[in-house]
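Report on the following structure.
The values are calculated or read from the model by the stated rules, or taken from the named source; none is laboratory data. Because the structure is a prediction, the values reported are computed rather than measured. Positions of Cβ are backbone-derived with ideal geometry, glycine not excepted, and every protein chain shown enters the neighbour counts. Note: accessible area is taken over every heavy atom of the protein model, side chains too, but ligands, DNA and RNA are not part of it. Shrake-Rupley method; radii C 1.70, N 1.55, O 1.52, S 1.80 Å.
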Amino acid sequence: MPVAGERAIAPGIMNFAQTPGGRNIFLMLGAAAVVAVMAGIWMWGQQPDYRVLFSNYSDKDGGAIVASLQQMNVPYKFTEGGGTILVPANQVYDARLRLAAQGLPKGGGVGFELMENQKLGVSQFLEQVNFQRALEGEMARSIQSIAAVQAARVHFALPKASVFVRDQQKPTASVLLNLYPGRTLDAQQVSAIVHLVASSVPDLPAKNVTIVDQNGNLLSSSDKPAGAAGLDPSQLKYVQELQQNIARRIESIITPIVGPNNVHAEATADVDFSHSEQAAETYKPNQTPSSAAIRSQQSSESQNASGGTPSGVPGALTNQPPPNATAPITAPAAASGNATPGNTAPGNAASVPAAPAANVQKDTTVNYEVDKTIRYVQQPMGGLKRLSVAVVVNYKREADKTGKMTMRPLTDAEKSQITDLVKEAMGFSKERGDSLDVVNSPFAGMEKEVIVELPSWKKPETLEMVKEVGKYLILGVVLIYLFFAVLKPMLSKLASGVGLRSALPNHSDAVVQLSHAEPMGSQPRGYQENLEAAKQLARQDPKMVANVVKNWVDGNE
């Protein structure tokens, strides 16, 4: 039954389409469809180019951004599974500034604005937790301001304060960095982040800060002992700049003599980055007392003026006390100069005894100043230990008698002059062990690098312009084709059908007019033209032609 019904409907539609009214209705529907297609193509050509507004945002920030865009009547769409918000290219920067004024996107963490919403009666523990969260959020925002860091998370472990020194603990910090694709952090940048975090928390040492990237690589390492940092990028950069500066000075002083591009110099510097301290205490040899400086002098003298010691044969006489002394009656014989000690002149009543010997002791102590030199030497880092320089000079260009330019080697005097200039420019030191080598050799022909310029049709800006022009050109061609090839014929057919019906309101009039019309052969037009006109009229309205022929047959015409 449904198949039979469909078969019954199809001839009805075909019959309705063959009628003048049905044909006009179908022509109007086709014209409307063509106009709709043309309008859709035009709207597609005028569709704006969308650019990225924000990407890699949290769900909370994404909802807030979408709500703000809807309030600002800014069209948007999502890509990459909802991880990126796109807006028209001419509204990207305006939308970013307006969203930034609203504090969007806020990021995954919160800052000290969390402390603004403290409720009345909050506990001390909750207040401490909120403060730690705010501190972590502010530190994460500070780290994210670094160019290579896309996102950061900071965790602090803050121990409770204790009144006992043995129970006091130092706080620790952990930082997780999410770097942009293709970006890395050097040792100096990692050290800067470590010191930034350590300076933000009281009593947080730099060695307690750990930094890890999104791949799980440990960026900060405290395994190196103190004072064994080794060469860092700044030291390597210092050596390179030193070598380049020496080579540049040599080339700048030799170029005026040999001409540009005729001298090339390279320097190798052996730099000592060790940090050393030296203390020396020196004593000079002993000096003569006359030239030495006396620091202190001490003298002591003792004298014993008592009589002689007892002597003689031990016995009763020697144990008796000496007799009382008596004054001599006559002068001693020693006065005349003829007596000797221990002898008396004959006839004297008594003799004068000899004077007893005195016991004298002298002690003298003299302290002289001793020369002493104490020297402390602190040798700074970056001292130049040895310098090696190599210089290559091209042959000298001169014109011969015929005026032709020739190359000749430098003379010994010219080479010696250049060598002396190089020594002065490099700061040559024989005691330091510097070495210098000046070579005079012809330079090989330098081929100029040919930079192939891209043709205009391969340049990116030209391709972009061609794409835009091609887009509008194809759009225009399609619209023109639809208008002239589809829409205009439909409108012409529709207009011709309406004019024919207005000219022939019913079939009887058409029959009368055709029956009384002159034969086709009598028209000034040719036979083929009349035949084509009849065929066209039959195609346009076959029923009318059939009625006319029927009337002709019935009327025996």
Problem - 3J(HN,Hα) from dihedral phi, the range 267-281, Karplus parametrisation 6.51/-1.76/1.60, rounded to Hz, x for glycine, proline - result: 10, 10, 10, 9, 9, 9, 9, 6, 10, 10, 10, 9, 10, 10, 10
Exercise for the section: For K535, list the lysines whose Cα falls under 23 Å from its own Cα; do not include residues on the same chain fewer than 8 positions away. Expected result: K488, K493, K543, K550
Problem - Karplus 3J(HN,Hα) series, Hz, for the range 54-59 with 6.51 cos²θ - 1.76 cosθ + 1.60 (x for Gly, Pro) - result: 9, 9, 6, 9, 7, 5
Handout entry: Members of K385/K415; K60/K160; K237/K385 lying beyond 24 Å, as alpha-carbon distances in this model show
Key = K385/K415; K60/K160
Handout entry: Accessible area in square angstrom per residue, the range 77-218, 1.4 angstrom probe
Key = 65
Practice task
For the range 66-78, take each phi angle, set θ = phi - 60°, evaluate the Karplus expression 6.51 cos²θ - 1.76 cosθ + 1.60, and give the result in whole Hz per residue in order, putting x for glycine and proline.
Solution key: 5, 4, 5, 5, 5, 5, 8, 6, 9, x, 8, 7, 10
Completion exercise
Quick calc: nm separation of the 7 Å Cα→Cβ label points for A147 and T184 -> 1.7
Exercise for the section: Towards the positive end of the charge dipole of the range 128-274, with charges on Cβ (+1 Lys, Arg; -1 Asp, Glu), say which of V149, L218, V129 has the farthest Cα. Expected result: V129
Problem - Amide H contacts under 5 Å for Q150, placed H, 5+ residues apart - result: N178, L179, Y180
